[in-house]
Structures are given as C-alpha cells and as structure tokens.
Amino acid sequence: MKDLHELTLEELRYFLRLLRQARYAALDDAEDFISICFALEEIGLRILGEKRTGLGGYQDALTFWVKDARQDQFSANLRRLIGARNDKSHTGAYARNAVTKAVAVGSVLEDCLMARLMTVEDIMTEGVVFAEPFMSLAKVRELMLSHSFSFLPVKWGEKFGLLSDREVARLWRTYAKKDSEPHLTPCVT
C-alpha cells in the first residue's frame, strides 16, 4: 500500500485536481455522487496497485491516508457512501445525502493531498471564476448563482477587490430606479 509520501508531485497534483473536479460535478448536480466515487476508486487503485471490485475494495487504503482526528468520521462517511453506491436507488433525498457524504470524504482527501504539496502552484485552483468591470450585473449575478458564491473577485485597473452579492443587489435596485434594464448595466461604472 502506497503512502502519500510515496506519490510523485505530479500524482499528488493530479489526484487533487481529480477530487476537485469530482466535487464541482457533485455541487453542480445535487444527485451526482458517482463522480466522487470514480475519483476515489482511481486513487484507491493507485494506492493499492491492484484493481478491486467496487469502492468498498479500497476502503482501508483510502482510510489509511487520513492520519488525524478526522479518520473516524472519514471512515463512517466512506462506509455510508459505499452503501449508497451499492444501492439501486440513486435519486432524490437519498442521492443528495450521498452527495453530502461524498463531498465530505473528498474534502478530507483534498486536505491530505494539499498538506503534502509545498508551493502555491501545487494547490492553486485553475480556471478561477471572476468578474470583469465591463460585465453586466446580470452576468455577475449568473456567475454568483451558478457557482454558489457570495463574493466574486473583480479587477479594477491594477487593483483587485471582491464584489458581494449584496452589492450586486444594491446596484440592481439603484439602477432600476434610473433605467428600465438594470440587468444590462456594467457591474462597475
């Protein structure tokens, strides 16, 4: 069984990206916990160096990576996720609950991976979502809603700031008093 210390820098980065992408897929679709299951199986395969049947075959190997106080909770969430994966009904509240467990499991493994990475380049998020000053209020609101953000980075000249959902709502109301189409107003005027 491979420990985190035995993985190359490229492997650590790859698995961190894999878990993040799976988490984004789960957050995008409240019933998609399978993406995280696939990521966990791929990590388990690399840790063990052999293929096992289903996510349950990798449970011990994945739990082995979590060496802190979170191990018991991680193991409990992973067992619930494995149970959900093996169940035939992957819809509704049951699937949404499985997504919650999957995101919790994936987040703990992301933390374990990030602890082994040393530079900002290793752990930085690619494809950062941000607002441009010329973007309309409607576009900024769409970005915030689609990504569940309360704040969005925005660049004004050489300076950066955060645009809050509250500020977007305030600007919308302000422009609605002056203009019949406030949603087309640029977020920074």
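The values are calculated or read from the model by the stated rules, or taken from the named source; none is laboratory data. Computed from a predicted model, the values in this text were never measured in an experiment. We place every Cβ from the backbone using ideal geometry, glycine too, and count neighbours over all the protein chains shown. Ligands, DNA and RNA are stripped out before the accessible areas are found, and what is left, the full protein with its side chains, is counted by its heavy atoms. Shrake-Rupley method; radii C 1.70, N 1.55, O 1.52, S 1.80 Å.
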- Message: Pairs needed: first member in the stretch 98-115, within 16 Å of Lys67 (Cβ to Cβ); second member anywhere, open to solvent by less than 10 Å² (accessible area, probe 1.4 Å) and outside any helix (DSSP H, G or I); C-beta distance under 9 Å; at least 6 residues apart or different chains.
- Response: Val108/Val66; Leu109/Val66; Asp111/Val66; Cys112/Val66
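Within the stretch 125-148, can you find the residues that are touching a residue at least 60 places away in the same chain (Cβ under 8 Å) and more than 16 Å from Glu167 (Cα to Cα)? Break it down stepwise before answering.
First, the residues of the stretch 125-148 that are touching a residue at least 60 places away in the same chain (Cβ under 8 Å): 125-126, 148.
Once the filter is applied, which keeps residues that are touching a residue at least 60 places away in the same chain (Cβ under 8 Å) and more than 16 Å from Glu167 (Cα to Cα), the stretch 125-148 yields Thr125, Glu126.
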- Task: Test Phe151 against the stated conditions and say whether it is at negative phi, at pLDDT 80 or above, within 20 Å of the chain's Cα centre (by Cα) and aromatic (Phe, Trp, Tyr).
- Result: yes
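How many residues are farther than 21 Å from Arg116 by Cβ and open to solvent by 20 Å² or more (accessible area, probe 1.4 Å) if we restrict to the stretch 60-81?
Within the stretch 60-81, the subset farther than 21 Å from Arg116 by Cβ is 72, 76-77, 79-81.
Still in the list and also open to solvent by 20 Å² or more (accessible area, probe 1.4 Å): 72, 79-80.
Final tally of qualifying residues: 3.
Answer yes or no as to whether Tyr14 is aromatic (Phe, Trp, Tyr) and more than 17 Å from Ala104 (Cα to Cα). It would help to see each step written out before you state the result.
Numbers: aromatic (Phe, Trp, Tyr): yes; more than 17 Å from Ala104 (Cα to Cα): yes.
In short, yes.
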- Count of residues meeting criterion [open to solvent by 60 Å² or more (accessible area, probe 1.4 Å), within 30 Å of Pro186 (Cβ to Cβ) and part of a helix (DSSP H, G or I)] in the stretch 113-139: 1
- Condition broken by Arg170, with the remaining ones in (1) in contact (Cβ under 8 Å) with a residue 40 or more places away in the chain; (2) of a type outside the set (S, T, N, Q); (3) over 30 Å from Gln59 (Cα atoms) satisfied: (1)
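Could you pull out the residue among Glu167, Glu110, Glu142 that is at pLDDT 85 or above, over 24 Å from Gln21 (Cα atoms) and not in a strand (DSSP E or B)? Break it down into steps so the answer makes sense when it comes.
Working: Glu110 fails: over 24 Å from Gln21 (Cα atoms); Glu142 fails: over 24 Å from Gln21 (Cα atoms).
None of the other options fit; the residue is Glu167.
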- Query: Which of the residues belonging to the stretch 1-45 are open to solvent by 70 Å² or more (accessible area, probe 1.4 Å) and among the polar types (S, T, N, Q)?
  - Reply: Gln21
- Search the stretch 154-177 for residues being under 26 Å from the mean Cα position of the chain (by Cα) and of a type in the set (D, E, K, R), and hand back the single one that is least open to solvent (accessible area, probe 1.4 Å). Glu167
